[in-house]
Amino acid sequence: IDTLGTFNTVKATLPHVRQSRGSYIHVSALLHRQGTPYQAHVSAAKAGVDALSAVIAVEEGPRGIRSNVIAPGPIGDTEGLSRLAATDANIRMTDYVPLGRYGDKRDVANMAVFLFSDAANWVTGQVMAVDGGNEHLRTTQLPYPMSVLDPEGMSKSIKGRL
């Protein structure tokens, strides 16, 4: 869900969340924290989700409402990974994950359980990376600057479309 979808969801649910003193968890990404070639669209959309969540945390915090973001890294068996993972045998995305593996959908679910639990009752306005440390070693995984100067030549290294 991008910025507009997140905004409309909050707008539609806010009266109920206020009544129940509930919490919001939004889903974002980490791509916009560094420039990522060919990802301007998702970078802008997810940066907007992060900003919206921070505003909700500030505006609704006095009413007891928390708002946080889960930003998954490379999660195995997902459409995002299947589209963005390099096909070149010499480029392994797990080489850039300190924990040495792709994440699992359960890793993201466990963060959601934590954020909705009482254990997180003092956590709001945060972007929680669930990426095995990938953000700290993240690279475009494509030769730079050739990947942007010659996208046709690099297209064989990417699944999906540029």
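The values are calculated or read from the model by the stated rules, or taken from the named source; none is laboratory data. Everything numeric in this text was worked out from a predicted model, so none of it was measured. Cβ: placed from backbone, ideal geometry, glycine included. Neighbour counts: every protein chain shown. For accessibility, only protein heavy atoms count, side chains too; no ligands or nucleic acids. Shrake-Rupley method; radii C 1.70, N 1.55, O 1.52, S 1.80 Å.
It is to be established whether one or more residues within segment 70-78 are open to solvent by 60 Å² or more (accessible area, probe 1.4 Å), modelled with pLDDT of 95 or more and not in a loop (DSSP other than H, G, I, E, B).
Narrowing segment 70-78 to residues open to solvent by 60 Å² or more (accessible area, probe 1.4 Å): 77.
Add one more test, that the residue is modelled with pLDDT of 95 or more, and what stays is none.
Among the residues of segment 70-78, not one is open to solvent by 60 Å² or more (accessible area, probe 1.4 Å), modelled with pLDDT of 95 or more and not in a loop (DSSP other than H, G, I, E, B), which makes the answer no.
Scanning segment 3-50 for residues that are surrounded by fewer than 13 Cβ atoms within 10 Å (Cβ to Cβ), farther than 20 Å from Pro151 by Cβ and aliphatic (A, V, I, L, M) yields a count of 2.
Residue count for segment 25-69 under the criterion of being touching a His at 6+ places or on another chain (Cβ under 8 Å) and part of a strand (DSSP E or B): the result is 3.
Anything in segment 110-133 that is of a type outside the set (A, V, I, L, M, F, W, C) and either closer than 14 Å to Arg66 by Cβ or open to solvent by 40 Å² or more (accessible area, probe 1.4 Å) (or both)? List them, or say none. Before you say what the answer is, go through the steps one by one.
Step one: list which residues in segment 110-133 are of a type outside the set (A, V, I, L, M, F, W, C), which gives 110, 117-118, 121, 124-126, 131-133.
Asn110, Ser117, Asp118, Asn121, Thr124, Gly125, Gln126 - these are the residues of segment 110-133 that are of a type outside the set (A, V, I, L, M, F, W, C) and either closer than 14 Å to Arg66 by Cβ or open to solvent by 40 Å² or more (accessible area, probe 1.4 Å) (or both).
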